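Written below as structure tokens is the structure these notes are about.
The values are calculated or read from the model by the stated rules, or taken from the named source; none is laboratory data. Everything numeric in this text was worked out from a predicted model, so none of it was measured. Neighbour counts run over all protein chains shown; Cβ positions are idealised from the backbone, glycine included. Remember, those area values only see protein heavy atoms, side chains included, never the ligands or the DNA or RNA. Shrake-Rupley method; radii C 1.70, N 1.55, O 1.52, S 1.80 Å.
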Amino acid sequence: MELRHLRYFVAVAEELHFSRAAHRLHISQPPLSQQIAALEAELGVKLLERDKRNVSLTKPGEIFLNRARKILASADDAVDEARRVDRGYEGKIAIGFMSSIMLLRVGEFLAEFHAQSPNAEVSLRQLQSHAQYLAVIDGELDVGFVDISAGSLVNTLDATVLDITHALHERLVLCVPREHPLAKRKKVSMAELRDGQFITLTRQSFTSFFDTFLQLCQRAGFSPHIAQQVESMPVAVAMAAAGFGIAIVPALSQGAVEPESACFIPLDDEAYVDIYLISRIENKTGLVSRMRDICTKSVVQS
């Protein structure tokens, strides 16, 4: 039995006329009569009483009509749901991110994503960049926000399996406690920080950021004295605010502490860190495509 057999039967049962039912179904009457006869033969039940003038439902036909309508409605719902998932309006998406501070900016993407796909089920996981790569490739994550550059990614993993979308271009700033001599400056150069004791994020957790930090120091003519390496942006900011050292952090880190706790000073140097959205190239689901589009739109506008 196929769905078309149910559709044919429902049309005849509702019209109680083979010609009208055939017109409604956009087929000729003889094939319709043949299909109804085949359905009755397959069921071993007479569904319709008919003569040259009248068509009526048998008692089994009435019961079968009720069930057939429900089956067809369920099938239509399944098709509609599949199409909505394919277009990115419904479904599930697992998203990785590196640090809770990132949610200050990633949250903007999530807000737009939710506005466009309010029925989507979103799960968030905080993981280091390399853990996200593996989780995306293994299918545990649908997308991940990572800070390694596209060029570095080619040397790290087989980039032919990953789609790489530029998501954020974050300026780096200096974070110092309020009482620090540089706290009132509007800008500061890296060269002025050669004697500073730095609190920095680990390279394992924030590869692109750590490499960018070292390059800034080298261009300024010094090797940094790293007093301590930490695993998260909030910890780096909190320790700098408490006076344990100074920190170069993404500008979005300003939301990690109260404004009176620390000062964030722009650098004279062109200093940015890039965040990329990664996903499997083969993952062409509507929700993943929608997140890619949102990130691409954000970078173009910025």
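Return a yes/no flag: does region 90-111 have any residue that is among the basic types (K, R) and within 42 Å of the chain's Cα centre (by Cα).
Checked against the condition, which is being among the basic types (K, R) and within 42 Å of the chain's Cα centre (by Cα), region 90-111 yields at least one hit.
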Problem - Filter pass, V235 being without any contact (Cβ under 8 Å) to a residue 12 or more places away in the chain and not aromatic (F, W, Y) - result: yes
Practice task
Could you grab the pairs with beta carbons closer than 8 Å, sequence gap of 6+ or different chains, first residue in region 23-34 and of a type in the set (S, T, N, Q), second one surrounded by 15 or more Cβ atoms within 10 Å (Cβ to Cβ)?
Solution key: S28/A22; Q29/F18; Q29/A22; S33/F18
Fill in the blank from the handout: Over region 97-125, the set of residues within 23 Å of R171 (Cβ to Cβ) and in contact with a strand residue (DSSP E or B) (Cβ under 8 Å, 6 or more places away or on another chain) is F97, M98, S99, S100, I101, M102, L103, R105, V106, F109, L110
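Just checking, which of R69, R105 is part of a helix (DSSP H, G or I) and at pLDDT 90 or above?
Numbers: R105 fails: at pLDDT 90 or above.
Of the residues listed, the single one that is part of a helix (DSSP H, G or I) and at pLDDT 90 or above is R69.
Of the residues in region 181-219, how many are of a type in the set (G, A, S) and buried (at least 19 other Cβ atoms within 10 Å of the Cβ)?
Result for region 181-219: 3.
To keep it simple, each residue is scored yes or no on (1) open to solvent by less than 50 Å² (accessible area, probe 1.4 Å); (2) assigned to a strand (DSSP E or B); (3) without any contact (Cβ under 8 Å) to a residue 12 or more places away in the chain.
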| residue | (1), (2), (3) |
| --- | --- |
| V10 | yes, no, no |
| L39 | yes, no, no |
| R53 | no, no, yes |
| L65 | yes, no, no |
| S74 | no, no, yes |
| R83 | no, no, yes |
| K92 | no, yes, no |
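Residue check: is A236 crowded, with 21+ Cβ neighbours inside 10 Å and under 33 Å from the mean Cα position of the chain (by Cα)? Give the derivation first.
Numbers: crowded, with 21+ Cβ neighbours inside 10 Å: yes; under 33 Å from the mean Cα position of the chain (by Cα): yes.
Answer is yes for this residue.
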Exercise for the section: Being surrounded by fewer than 18 Cβ atoms within 10 Å (Cβ to Cβ) and farther than 30 Å from V188 by Cα is the filter; apply it to region 144-163 and report the residue that is modelled with the highest pLDDT. Expected result: V161
Practice task
Would you point out the residue of region 276-294, among those that are in contact with a Lys or Arg (Cβ under 8 Å, 6 or more places away or on another chain) and assigned to a strand (DSSP E or B), that is surrounded by the fewest Cβ atoms within 10 Å (Cβ to Cβ)?
Solution key: S279
Handout entry: Filter result (farther than 13 Å from E14 by Cβ and of a type in the set (A, V, I, L, M, F, W, C)) within region 48-63
Key = I63
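Would you check if I226 is within 30 Å of T285 (Cβ to Cβ) and surrounded by fewer than 20 Cβ atoms within 10 Å (Cβ to Cβ)? Spell out how you get there, then give the answer.
Working: within 30 Å of T285 (Cβ to Cβ): no; surrounded by fewer than 20 Cβ atoms within 10 Å (Cβ to Cβ): yes.
So I226 fails the test.
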